[in-house]
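The values are calculated or read from the model by the stated rules, or taken from the named source; none is laboratory data. Owing to the predicted nature of the structure, the values given are computational and were not obtained by experimental measurement. Positions of Cβ are backbone-derived with ideal geometry, glycine not excepted, and every protein chain shown enters the neighbour counts. SASA here: full protein model, heavy atoms, side chains in, ligands and nucleic acids out. Shrake-Rupley method; radii C 1.70, N 1.55, O 1.52, S 1.80 Å.
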Amino acid sequence: MTQIPIMGDGLPQPLLEMLGAEFEVLAWDDAPDSPALARAEAIIAYGHPQVDGPMLDRAPQLKVISNHGVGVDHIDVAAALQRGIPVGNTPGCLDAATADMTMALMLATARNVVVGDQYAHSPEFLHYDPAILIGQEVTGSKLGIVGMGRIGKQVAKRAAGFDMQIIYHNRHRDSSAESDYKAEYRSLDDLLAESDFVALNCPLTPETTGLISGPQFAMMKSSAILINMARGPVVDPAALYTALSTGQIAAAGIDVTDPEPLPRGHELLALENLIITPHLGSASNRTRERMLRMTVENLHAGLQGKPLPYSVEQN
């Protein structure tokens, strides 16, 4: 049987099993200069590899790019579409898992879960002291959501269960969020000034790159906690370090960084009031299985010249 050559970097075993013997997975080594590009009929973008126009020009046989994940900021979608190459992603399936992780980081930062765990494991914890590690109350606090899309609405749904007052900033007002979750629209400046917790759930675009930097941190309460489940470049890392190390804000929980991962020894890694997780937003068992299946469905459709079931153009 003649195998279909596709490019994919670090594909996990469950995905390789779904692909089966029909495909020859070409090494991503030295992409975009890899000679394998000339043979590849498809790209599976797994783990955010950069895919741009010059790279696509070296892939004359390419029929489809199937992205494992929703965000496609690492793919030049316009360049692909100009070359007649459809781009698929996995929308919708990871909204709940990412919202769960948003709440997990919110609770962990507010209630000193990581520091408390480290202390409880240490030789210093010899007796209970009710005066230590007093955290912030999540229930009844004001949550500002930046990006009231599918994930933002799932966060609002969960926050409502904590009786949080929900305000939001979005490119456009969202009547369904306002009616379903009693969310109130704010300008970004007002949201930052009012919120006890700020959750970033927006996509990375030219407009959101560097959205939260020095001037924005200066607007926030000194007791505020920032949660970034968007993309690393939405937050200026130097400004984040200054805000956390000088007490401009109380704490932050981030699932993404800029760069990602941070270089070992980076100044942010030394901060006790910062929780960093390694991009785990969609890392739940059922969500990852759905993502794999959607990735393969897009791959098959593109190779057969059919419309992609989960096309970036359609989202």
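Filtering segment 5-17 to residues that are crowded, with 17+ Cβ neighbours inside 10 Å, outside any strand (DSSP E or B) and among the aliphatic types (A, V, I, L, M) leaves Leu11, Leu15.
Does any residue of segment 242-249 turn out to be open to solvent by less than 40 Å² (accessible area, probe 1.4 Å), in contact with a Gly (Cβ under 9 Å, 6 or more places away or on another chain) and closer than 23 Å to Asp100 by Cβ? Taking every residue of segment 242-249 in turn, none turns out to be open to solvent by less than 40 Å² (accessible area, probe 1.4 Å), in contact with a Gly (Cβ under 9 Å, 6 or more places away or on another chain) and closer than 23 Å to Asp100 by Cβ. So for segment 54-72 (the condition being farther than 22 Å from Gln304 by Cα, part of a helix (DSSP H, G or I) and open to solvent by less than 60 Å² (accessible area, probe 1.4 Å)), does at least one residue qualify? There is at least one residue in segment 54-72 that is farther than 22 Å from Gln304 by Cα, part of a helix (DSSP H, G or I) and open to solvent by less than 60 Å² (accessible area, probe 1.4 Å).
In segment 40-52, what residues are open to solvent by less than 10 Å² (accessible area, probe 1.4 Å) and more than 25 Å from Pro261 (Cα to Cα)?
Within segment 40-52, Ala40, Ala42 qualify.
For segment 189-231, a residue qualifies if it is polar (S, T, N, Q) and more than 28 Å from Gly47 (Cα to Cα), and the qualifying residues are Ser195, Gln216, Ser222, Ser223. Quick check on Ala218: is it among the aliphatic types (A, V, I, L, M) and buried (at least 21 other Cβ atoms within 10 Å of the Cβ)? So Ala218 fails the test.
The condition of being in contact (Cβ under 8 Å) with a residue 12 or more places away in the chain, open to solvent by 40 Å² or more (accessible area, probe 1.4 Å), polar (S, T, N, Q) and in contact with a strand residue (DSSP E or B) (Cβ under 8 Å, 6 or more places away or on another chain) does not hold for Asn228.
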